[in-house]
Every structure is written in C-alpha cells, then in structure tokens.
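J.: One structure follows; several queries about it will come next.
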Amino acid sequence: MEKIVNLSRLIEELVKEYDVFAPVGDDNFSQFSPIKNLGEANLDLINTTKPLKNLFLPQSEKLFSVDGAKENITLEPKKNINNKRIILGAKACEVKGIELLTKVYTGGTLPDELFEERRKNTIIIGLSCLEPRDTCFCAALGVNPFEEKGMDLVLTKINGKFVMKSLNQKGEEFFKKYPDVFSEINKEDLEKRDKLKESVLKKQNLSLDLKEIKEKLDKEVDNPLWEEISQRCINCGICTYLCPTCQCFDIHDEAGKGQALCRFRTWDSCMFPDFTLMAGGHNPRGKKKARIRQRFMHKFSYFIDNFYEPGCTGCGRCIKFCPVNVDILEILKKVKD
Amino acid sequence: MKNIYLPYLMVVKNIIQETFDVKTLQLVFKNEEEGKNFSFLPGQFCEFSVFGAGEATFCLASSPTRKEFIECSIKKIGKITNAIHELKEGDIVGLRGPYGNTFPMDLIKGKNLLFIGGGIGIAPLRSLIDYCIDNRADYKQIEIIYGARTPQDLVYTRIFDEWKKQQNVNLHITVDRIVGDWKGHVDFVPTYLKELKPSAENTVAITCGPPIMIKFVVEALVALGFPDDRIISSLEMKMKCGVGKCGRCNIGKTYVCKDGPIFSYGEIKNLMREF
C-alpha cells in the first residue's frame, strides 16, 4: 500500500508507543538520535556523519557490571536492551549496512543476542535517496538509492510531500493503525516519483565488476598498491569508525569514579597498530601495509568468501572523511586495471 | 535475554607454581549446575577474565576426562597475565567458552601419536595427552618430545612421572641451554626431533610452541615423511570475543577463533599465503 503521509502527525502518534530515531544534526555533524517531533529531524541530509550501525552496535556499550569484590563477585548483565523502536529516514546504504552486520552478528553457532534483540525490536522506515553525493557509489555495490531491501516501509519526498509505501506485513499495519495521518495519493505524484527515481538512478549508475576485482585481489597477494596507500595513510581509523559495515570491537573493563566496575565493548579499528598485538610482543599485522591490505581485502575478498557479497555499501563516508584522501573507489578501479 | 559475553564465575581452587613465570590455576564452577553442563574437547580455548584487568585467551590445559578442575596454565607476560599471577586461592574469576574447534579426534583414533611441545606450548598438548592416557585403548604408541629454554622453564615437571609410567608412552625432554644442575638432553626441539627420527608410519604429529620452533619442527616432520594432513598445530592470534565477531584473529577469510585454533599443516600452508 502507498499513500501520502502527514509525517509530522505520524511521528506524534509513533512517539507514544515507540522510541523514534531519525537523522538529527547538520552538515557539520549528524547522527540518528531520538526525536519527539518532525522538527527535530533533518531529513534533507544526504547521509549522517555517524552511520546507523551506532544504533545496533553502539560506539560504547556496557555488557555487564561487576558487583562485590574477591570471593563475593556477582555479575549483573545489562537487561532490557531497548524498547520497541522505529528508525525513520534511513537511506538504502544505511539499511544495507545493517543487513551486512546482521550476517556477522547473528550468523554462526553463537549469535550475538545484544545485536539480535535490537534488530528484532526495530522497525525501519527508509527514505529514498534523491541526491547522491559525489563520493557515493552505492550502485556499484548493487545497492541503489531507491533500494528497499531490509526496510519495513519507505518514504519518498515529492513536491514537499511524503509518499509512504509499505514493504511487508509489519509496514502494512501502519496504514490500519493510524488511518487519520494518511491521504490518498494522486496519479500526478506517482508519475513525478517515477520520474524522480529515473533521474536519480541515472546519476548513480556506476558499475564495477566485483567478481573480477576479487579475483585480482586474491591472485596478487603482494599488490604494490598496499605499500603505496600505506605511505599516505596515517592510521587514524576514521574510515573504520564511520563505516556502516565495519564490525570490529574491543572488550575492556572500566570503573568510573565512584561507579561499579563494568565491562564494555567499544568500537575498535583494524587500522590501529595494537589491534592484533599479542602479549608476547608478536604482531601479525604490525606493519601499516598489512593493516591497509586487511581493510580492503576484508571488504572485497574475505567478506565475499564468508557471506557471498562484499562488505561495503558504497556510502562514501571513508572517502569523504579520510584526511589524506585515500579513495576506496579509486583503489577498486586501480585493482581492476 | 542471554548474553554471550557474560562469563561463568569460577573459583580459583588451587594455584600451582609451575616455573618462576608460569602458574597453573585449577578452577571450579561457582555454580555447580553450570559446571555439569560445561563440556569441551582437547584443543578448545576459553576467554579468562580477571574483573578489572580484562579478558584474555588461553587454552583449556586439562583433559575433559578429568572433571575435578578446569586448568589453565598461564605465563606472566602482559597486563592480564600479570593480574592472573596476582590472584589468590578463593578469588573469583570469569571464564567464557569453550570456543574453537578441537584436535582432530577422529583422525588420531587408532594411530601412533607424536607430541612435540615447546615452552608453554605444552599446555594445549597436555589436554590431549591426558585425554589419550585416559582412553588408552583408542591410541597406539605415544611419544612426547618436550623442550624449554632452560631446565627451570620446563612446565608440568610434576606430571612427567605420571606420563613416564604409562605403558607405551615415552617422554623425551630437552633444554636449549643448561642452567644449574641438568643431566638431561641439551638441544633445540627440532634438532632433537631429527635425532630421535620417529617413524611417520600410521602416526599423527601434534605440535605447539613458539612460531619459530613450529616452523623448524614442521620442516623436520616433512623430511621424516609426515604428510601435510598428519601434522597438526594450534595457531595463536589476538582475540577478544572468541566467537568470530570482534574481527581481529582472521588470517585471510579464516577466523582462528571459530575455524581454528587447530589446523593441519596443509591448511596452515594455505593461510600463510596471507602473510
């Protein structure tokens, strides 16, 4: 079903029952934050500075607290991860990032219940991307700005109005539950939407032979590219922190002043020299070149081996925010040639 | 809701000073019920917590056939191992696991076994050695070659006698150099292996130790006629989660924590392309 939605009124209804998150902020810094009304959200952002992964794999998260000392220790696990929540205004590349992380975190014999619980409690209302940035290359990764996979509902902004379309049963129920906030869509709007889609897809149409790139990466273990990039890279880790699919974390214990000892998990980065440093001093990825190689090989070779698709969504954040202009797209093109 | 990062609470029952920098901790489950449900096989590992210091990865050094304690043998070398060495009997620690694959239990059944250990690398081997001794009928001749830097660095000297008195078990001890009073063999482990010339006939070789030792041991084993799939080793990588999510223990597409830590030399050769 698809209808014109009065978004402001819908959000007023939703916040009564759900925690609602949407892009908040401006071009300097933005992220998905809780909102109480439409005015707090900024749906005109191309994509947020901080990726949506923060809501599924928080930058820092308490795993449990340790009460008592010595022989009287007990552990208090974190309870009740979150209420039912709605993420509103996530672009296709963001949602794809969550889909890829879901493969890592909920696959295998030991699924991560923290991640699973969050995914289960979340309804995603996507937002068609109408204006890709010059660093965007989602189409090359098989995502496109109008991609709807992983969303429950999707919004498209046409002539200042929002069209809302349901993509599954969960989404369908919105129309029944909040009938007052929807109005019928007219033919003109639909035509306008289709035209818009066409023009956006035309703008974002880069295609890359990822299979060929993987073959070349696998064949040339010691590709001179890694050395070349490592000379420029300063290992700041921003590419991994802001990457919607980078999964790595550290686990460590901290006690704030006057607070209980807690075990935390925090984002970590394969770009950091101590990421793989072992207690004896041995470090299998001690050289910058090895770390650069790990980052690109992980996304475009290992991830494909393990999960049958690349670990990248083409969101372009790593290109936009790299302080020394390491450009993942340029690298892929170079590998190919 | 469950939480895979929540460890079992363990009581440090006994602490055995193996060498000046290696201690074995004998642990029991604080909650007996959890202990009853805990099962593992030789080769698997755990994440060991000292609350406040953090978590680190160690092999389960005791045999699952000996249910009284779970043992970890730990060399004092970094932040967390230092904290472990500070522990007293009765303290509570955390343990997550068992994680990873096991030694190839089907492959070794009915075979002669050649164990080659160096330094603290004897710990994962010990789990399997004791397991084999407790299931003696399933295995043929057992040869153990074990070496350390000096006589003072030999771990498990307290159980050497128990191994030696087993039928069809031979223990060959060597040290890199003599410190103090030592009447035993002096040589590096790979050199001693070449000298002993064990037969590859119907035999599986299992080795663990410092990377440089493993490298030369494997060369010697290949020269002795051991095929790649009958040379088994345990790999070591930095780990945090132990369950394939935290992203640091991979060698190429292989995650040592969930695809390993036990690999055959054939598999290791493929992995080493990545370095």
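J.: Which lysines does B:K194 reach when only Cα atoms under 16 Å apart count, and residues fewer than 8 places away in its own chain are ignored?
T.: List returned: B:K215.
J.: Next up: Give the residue list of trypsin sites (Lys or Arg not before Pro) in segment A:176-268 that are DSSP loop and have at most 14 other beta-carbon atoms within 10 angstrom.
T.: Details: sites: A:K176, A:K177, A:K187, A:K192, A:R193, A:K195, A:K197, A:K202, A:K203, A:K211, A:K214, A:K216, A:K219, A:R232, A:K257, A:R263, A:R265; in loops: A:K257.
Listed in order of number, the matching sites are A:K257.
J.: Straight-line reach from A:K289: which aspartates and glutamates fall under 12 Å, measuring Cα to Cα and dropping same-chain residues less than 8 apart?
T.: Candidates past the 8-residue exclusion: A:D222, A:E227, A:E228.
J.: Note down the net charge around A:L242, summing +1 for each Lys or Arg and -1 for each Asp or Glu among other residues with Cβ under 10 Å from its Cβ. Mind dumping the intermediate values first?
T.: On the way: positive: A:K50, A:K53, A:R317, A:K320; negative: none.
Within the 10 Å Cβ shell, the charges total +4.
J.: With a cap of 15 neighbouring Cβ atoms within 10 Å, and only residues DSSP puts in a loop, list the GluC sites (Glu not before Pro) found in segment A:190-226.
T.: Answer by residue number: A:E220.
J.: Provide the net charge surrounding A:R293, with neighbours chosen by a C-beta distance below 10 Å and charges set as Lys +1, Arg +1, Asp -1, Glu -1. Intermediate values should be presented prior to the final figure.
T.: Working: positive: A:R285, A:K287, A:K288, A:K289, A:R291, A:R295; negative: A:D222, A:E227, B:E274.
Neighbour charge sum, excluding A:R293 itself: +3.
J.: Further question: What does the charge dipole of segment B:8-99 about its Cα centre add up to, to the nearest 20 debye, if the Cβ of each Lys and Arg holds +1 and the Cβ of each Asp and Glu holds -1?
T.: Details: 11 positive and 12 negative charges, 23 e Å.
Dipole size: approximately 100 debye.
J.: Once R0 is set to 30 Å, what does the formula 1/(1 + (r/R0)^6) return for the Cβ-Cβ distance between A:H252 and A:N37, expressed as a FRET efficiency to the nearest 0.05? Don't jump to the answer; show the numbers that get you there.
T.: On the way: r = 38 Å, r/R0 = 1.27.
That gives a FRET efficiency of 0.20.
J.: Cα-Cα over 18 Å: which of A:K103/A:K149; A:K50/A:K202; B:K75/B:K253; A:K36/A:K176?
T.: A:K50/A:K202; B:K75/B:K253; A:K36/A:K176
J.: Say a site is exposed when it is one of the chymotrypsin sites (Phe, Trp or Tyr not before Pro), sits in a DSSP loop, and has at most 10 other Cβ atoms within 10 Å; what is then the longest site-free stretch of chain A? Provide the component values of the computation, followed by the final result.
T.: On the way: sites that count: A:F29, A:Y308.
Longest stretch, sites excluded: A:30-307.
J.: Tell me, what are the semi-axes, in whole angstrom and largest first, of the equivalent ellipsoid of the protein assembly as shown as set by the roots of 5 times the Cα gyration tensor eigenvalues?
T.: Output for the protein assembly as shown: semi-axes of 53, 28, 20 Å.
J.: Note down the relative contact order for segment B:10-68 as a percent, whole number, built from C-alpha pairs under 8 angstrom at least six residues apart. Walk me through the numbers on the way to the answer.
T.: Numbers: 63 pairs, mean separation 13.7, N = 59.
Computed value for segment B:10-68: 23 percent relative contact order.
J.: Ignoring the sites themselves, what is the longest stretch of chain B with no GluC sites (Glu not before Pro) in a DSSP loop and at most 10 other beta-carbon atoms within 10 Å? Intermediate values should be presented prior to the final figure.
T.: Values: sites that count: B:E68, B:E201.
Longest gap between qualifying sites, sites excluded: B:69-200.
J.: Take B:V11, A:V24 and order them by how many other Cβ atoms sit within 10 Å, fewest up front. Walk me through the numbers before you get to the answer.
T.: Working: B:V11 15, A:V24 18.
Fewest to most other Cβ atoms nearby, the residues stand as B:V11, A:V24.
J.: Of A:K214/B:K2; A:K120/A:K177; A:K203/A:K334, which sit over 30 Å apart, Cα to Cα?
T.: On the way: A:K214/B:K2 38 Å; A:K120/A:K177 20 Å; A:K203/A:K334 22 Å.
The pairs that break the limit, which is 30 Å between Cα atoms, are A:K214/B:K2.
J.: Roughly what % antiparallel, to the nearest 5, for the DSSP beta bridges in the protein assembly as shown?
T.: 65 percent
J.: Now for a different question. Count the net charge of all other residues whose Cβ sits under 14 Å from the Cβ of A:F56, scoring Lys and Arg as +1 and Asp and Glu as -1.
T.: Values: positive: A:K50, A:K53, A:R85, A:K96, A:K103, A:R118, A:R119, A:K120, A:R265, B:K245; negative: A:D19, A:E61, A:E94, A:E99, A:D112, A:E113, A:E116, A:E117.
Taking every Cβ under 14 Å from that of A:F56, the sum is +2.
Where a number appears in this text, it was derived from the coordinates with a stated rule and is not lab data. Please read these numbers as outputs of a predicted model, since none were measured by experiment. Heads up, the Cβs are rebuilt from the backbone with ideal geometry, glycines too, and the neighbour counts pull from every protein chain shown.
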